[in-house]
Amino acid sequence: METVIELNKISKSFGAFKAVDELSLEVYKGDVFGFLGPNGAGKSTTMRMMLSLIKPSSGSIKIFGKELNTHRNEIMRQIGCIIEKPDFYLYMSAEKNLLLFSKLSGVSISKNKIQEVIELVGLKGREKDKVKTYSHGMKQRLGIAQTLIHDPALIILDEPTTGLDPQGIIDIREMILRLKNEMGKTIILSSHILSEIELVANRMVIINRGKQVAQGEVTQLLSTQDLILSVEVEDGKTALQKLNGYKKEKFSSLENNTLKFSLSKNEIPELVSELNKAGIKIYGITYRRALEEYFLKLTHQYN
């Protein structure tokens, strides 16, 4: 498996504040790699280090098997990115913005290539309109078009769905999957929304306060074998007494007449049956995967 990005214990401090703390990760060719964490976790700082916009305080970065600090120009020619929000000349058309960007990048691009990219991102028919007439979602599409204009092997997208409506989010998601499946691109996608990463990424890392929390295959990290089950009942304390220690080792907490258990999906019917036998009225049952529950707690700390 070919490694495209390798971060080895990188750290970044701003004075006394440590934004990234000995973070290591690997991204493989063809990955849609989810870079997940609550706001302020260090995602954008890490991406800026990958793009050589800021230097790590310590640690090393390899991209395409080469050290970033000694092969910067060669590496950057193979990367397309959006960090925060894309900016354009609003009084110019999308087509002219892309032509200008290609010239500034030193890349010779034909008008046919421009049209191919415009069609790929779903802006065909609006390419001659001034960008100031574009919606937020259309500007995001144009930003992705800008990252593709020089046909990069690696694409880095920092929160590309921020501020989009539901349809816009779906469109960007489908575009990312097309870039992977039809064009063979390697993509790093940052987000603070776990469900968004789950739908498009095959591998991911979760960071918090600059440190790695979890890393690996999305399907493995989000296994349904370990669930946090919430059962809303009429009277939580009475329910616990009637259960008489049943699943005591799996019980985690009681909050506002909601019993919480940590158990596998296969154990849910048995627990429900036991509650019914004890004559406990059940008003609702929901469950989240353990990692999902943990990530939501992280996210709520910063909101």
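Just so it is clear, none of the values below were taken in a lab; they were calculated from the coordinates. Just so you know, these numbers come straight off a predicted model, no measurement behind them. Positions of Cβ are backbone-derived with ideal geometry, glycine not excepted, and every protein chain shown enters the neighbour counts.
Springs between Cα atoms under 10 Å define the GNM used for the chain, and in it the highest mean-square fluctuation of 169, 156, 268 occurs at 268.
Quick check on the exposure proxy: order 121, 131 from fewest to most C-beta atoms within 10 angstrom. Display every interim value, and only then the final one.
On the way: 121 23, 131 20.
Ordered from fewest to most neighbouring Cβ atoms within 10 Å, 121, 131 come out as 131, 121.
Annotation for segment 102-142: trypsin sites (Lys or Arg not before Pro) lying in DSSP loop with at most 15 further Cβ atoms inside 10 Å of their Cβ are 124, 128.
Counting other C-beta atoms within 10 Å, which of 35, 64, 14, 251 has the fewest, and how do the rest follow?
Values: 35 27, 64 19, 14 10, 251 16.
Going from sparsest to densest Cβ surroundings: 14, 251, 64, 35.
For the pair residue 195 and residue 183, label points projected 7 Å from Cα toward Cβ lie 2.8 nm apart.
About the Cα centre, and with charges only on the beta carbon of Lys, Arg (+1) and Asp, Glu (-1), how big is the dipole of the chain? Nearest 20 debye, please.
Values: 42 positive and 36 negative charges, 143 e Å.
Roughly 680 debye, rounded to the nearest 20.
Show me the GluC sites (Glu not before Pro) within segment 190-258 that DSSP assigns to loop and that have at most 16 other Cβ atoms within 10 Å of their Cβ. If you can, show how the numbers build up before the last one.
Details: sites: 196, 198, 217, 232, 234, 249, 255; in loops: 234.
Answer in residue order: 234.
Taking label points 7 Å from Cα along the Cα-to-Cβ direction, residue 132 and residue 237 give a separation of 6.6 nm.
For the chain, take the longest principal axis of its alpha carbons; what is the angle in degrees between that and the long axis of helix 136-148, to the nearest 10 within 0 to 90? Long axis of 136-148 versus the principal axis of the chain: about 60 degrees.
Rounded to the nearest 5, what % of the DSSP beta bridges within the chain are antiparallel ones?
Values: 39 of 57 bridges.
Bridges in the chain that DSSP calls antiparallel: roughly 70 percent.
Under a model in which nothing but the beta-carbon of Lys, Arg (+1) and Asp, Glu (-1) is charged, segment 87-152 shows a dipole of about 220 debye around its Cα centre.
Among the chymotrypsin sites (Phe, Trp or Tyr not before Pro) in segment 70-138, those located in a DSSP loop and surrounded by at most 14 other Cβ atoms within 10 Å of their own Cβ are 89, 91.
At a 10 Å Cβ-Cβ cut-off, how would you order 150, 136, fewest neighbours first?
Numbers: 150 18, 136 13.
The fewest-first ordering by Cβ neighbours comes to 136, 150.
For segment 175-303, the Stokes-Einstein estimate of translational diffusion at 25 °C and a viscosity of 0.890 mPa s comes to 145 µm²/s, using the Kirkwood hydrodynamic radius over alpha-carbon pairs. Working from label points 7 Å from Cα in the Cα-to-Cβ sense, the residue 283 to residue 249 distance is 3.2 nm.
Computed from the C-beta positions of residue 124 and residue 39 and an R0 of 22 Å, the FRET efficiency is 0.05 to the nearest 0.05.
When only Cα pairs under 8 Å and 6 or more residues apart are kept, what is the percent relative contact order across segment 227-301? Present the calculation step by step, with values, prior to reporting the outcome.
Values: 93 pairs, mean separation 34.6, N = 75.
It comes to 46 percent, rounded to a whole number.
The orientation-averaged projected area of the convex hull spanned by the Cα atoms of segment 87-152 comes to 3.9 nm². When only Cα pairs below 8 angstrom with a gap of at least 6 residues are kept, segment 87-152 shows a relative contact order of 46 percent. If only the Cβ of Lys and Arg carry +1 and only the Cβ of Asp and Glu carry -1, the dipole of segment 227-301 around its Cα centre is close to 100 debye. Pick out which of 253, 93, 195 has the largest mean-square fluctuation in a Gaussian network model of the chain, springs linking Cα atoms closer than 10 Å. Of 253, 93, 195, the Gaussian network model singles out 253 as fluctuating most.
Between residue 108 and residue 78, the FRET efficiency from the beta-carbon distance, with R0 = 25 Å, is close to 0.90. For segment 161-303, relative contact order (Cα pairs under 8 Å, six or more residues apart, normalised by length) works out to 23 percent.
When all alpha carbon pairs of the chain are counted in 20 Å bins from zero, the resulting P(r) reads 29, 47, 21, 4 %. For segment 227-301, the convex hull drawn through the C-alpha positions has a volume of 85 cubic angstrom per residue.
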